[in-house]
Structure formats: C-alpha cells, structure tokens
Amino acid sequence: MTFGRGSEAPAATHREVAEAWSAALAATLPLPRSEGTRQRPPLTFAAPLPVGMAVERELADLHLAQRLPAWRVREAVCGAAPGAIVVATLHDVWLGAPALAACVAAADYRIALADDIGCDAAAIQAAASRLLSAATLERRRPRGDGWVIYDLRPLLAAIEIDVRDATRTTLRVRTRFHPERGAGRPDEVLAAVAEAAGTELRAAEIVRERVLLAEDLTGAAATLGTFDALAT
C-alpha cells in the first residue's frame, strides 16, 4: 500500500506507529499467527517513518492469512490507520515478492527554507554542486554520549533548487539507503549545504515525498520531482 501522513501527526516513533496500526488491523483482518521467533510481522514498511515529519508516498506491505475482497481490506486498513495517516492505494502483490525493506534504494525530500535565509538561490545551488562534485563529505552525528564521523557522500544522490515557487527557496534532495552505511538524512544534507555556502540555512519544513525501490531508479521515476506526474 501507498500512504501519506501530514505534519499534524503526533510525534510518535516508527515502532509506536507500526505497533498501533498492527494492533488495530488485528481486530478487523485475518493476520497470520505468530509462529517461532523470526517470523516477519504482518505489517512491514519500506523505510522507518521519521519522527514528526510529514510523508507523502510511503510504501508498506500487509500480509493476510486469507484472501479477501479489495474493498474490505481497504476499508479495514483506512479505518485502522493511526496518527493522521491517509492510505492512497492498495495493490495485490505476489506473496513471494522480496520484502520492501530489502528493495528500498533512495528517498526524495522537499526542504522549504526559512524566509529569513541570508543566501540567494544561486549561491545555494553553487554550494550544492560543490558537494556533489566532492569525493568525500566528512560529517559527524551524535551517538550515545559522543559523536561518530562518517562520509555523507555515498548517501547523497542529488540536490536541486526548486524554482517553481517564487515566494520560498526550496531544496529537493535525494538520499540513498545503504545496507551497511545506513541512510542519508535531509537535515544533515542541509547542514552540509549551509557550510559549503558559508551561511546559516534553516528548514521551515521537511517532507519526505517518496521512497524509491531499486527498480524505480531505472525508469522515468528516477528523476527528482516526477512522481506526481506518474502517480495516476
């Protein structure tokens, strides 16, 4: 299924959202019984939901213990969705298809900058271009009581300036998911752009527009900003 969530959603963790949705679904749909300790849960997501962030085109798998009419499944899924989640589409897929989490390759983000930024769009684009041309981008992120140093460059696929809205500067960022390095985070990309531009940049809003599977990166949807045109 494809679903979205508005910025007004409660600041719940991914685990809290998954558990609440699964519990509500178990009351209305025939979910597989738990057998053993390594069984995949009935509801799984392509990528963890960022806490407190609006999302627009998220992907999740729901496994049922028996086949049901699509209308009944949709009714139950929509009725059980927690925390401002709105289900857009449901598709019947092959039971033996790979798990979504094993196929997710990237994510697209829309970062609307605060109105009081002290840097114009051209300077921001120049800074973004320098980042994309760099061989490495050493960054650090908090871990426990200290910091860990990592290379952001393998997790960064694209940065563009969205010029369609003349009233606000918006960055469109694509980050990668890596099985060992983890996933690139939009706030860390914004911080790297700010440092490269030599100014302070603050986000008024960050939205994850979609997650992309490996197969998506080989077609027309590989281009930033094309999903809305392809969705219907």
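Overview of results
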{"item": "Pick from the range 134-176, criterion within 25 Å of D216 (Cβ to Cβ) and of a type in the set (S, T, Y), ranking: modelled with the highest pLDDT", "result": "T175"}
{"item": "Those residues of the range 141-174 which are surrounded by fewer than 12 Cβ atoms within 10 Å (Cβ to Cβ) and on the phi < 0 side of the Ramachandran plot, in sequence order", "result": "P142, R143, D145, G146, W147, V148, I149, V163, R164, D165, A166, T167"}
{"item": "Filter result for the condition that a residue is modelled with pLDDT under 95, in contact with a His (Cβ under 9 Å, 6 or more places away or on another chain) and of a type in the set (V, I, T), over T13, T44, T37, T28", "result": "T44"}
{"item": "Residue identified as buried (at least 18 other Cβ atoms within 10 Å of the Cβ) and touching a Phe, Trp or Tyr at 6+ places or on another chain (Cβ under 7 Å) among R110, R57", "result": "R57"}
{"item": "The range 142-183, residues that are among the basic types (K, R) and in contact with a helix residue (DSSP H, G or I) (Cβ under 7 Å, 6 or more places away or on another chain)", "result": "R176, R181"}
{"item": "Test set (1) part of a strand (DSSP E or B); (2) touching a Leu at 6+ places or on another chain (Cβ under 7 Å) - R74 fails condition number", "result": "(1)"}
{"item": "Test result for L190, surrounded by 16 or more Cβ atoms within 10 Å (Cβ to Cβ), touching a residue at least 24 places away in the same chain (Cβ under 8 Å) and in contact with a helix residue (DSSP H, G or I) (Cβ under 8 Å, 6 or more places away or on another chain)", "result": "no"}
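The values are calculated or read from the model by the stated rules, or taken from the named source; none is laboratory data. Here the structure is a predicted model, which means the values were calculated and not measured. Positions of Cβ are backbone-derived with ideal geometry, glycine not excepted, and every protein chain shown enters the neighbour counts.
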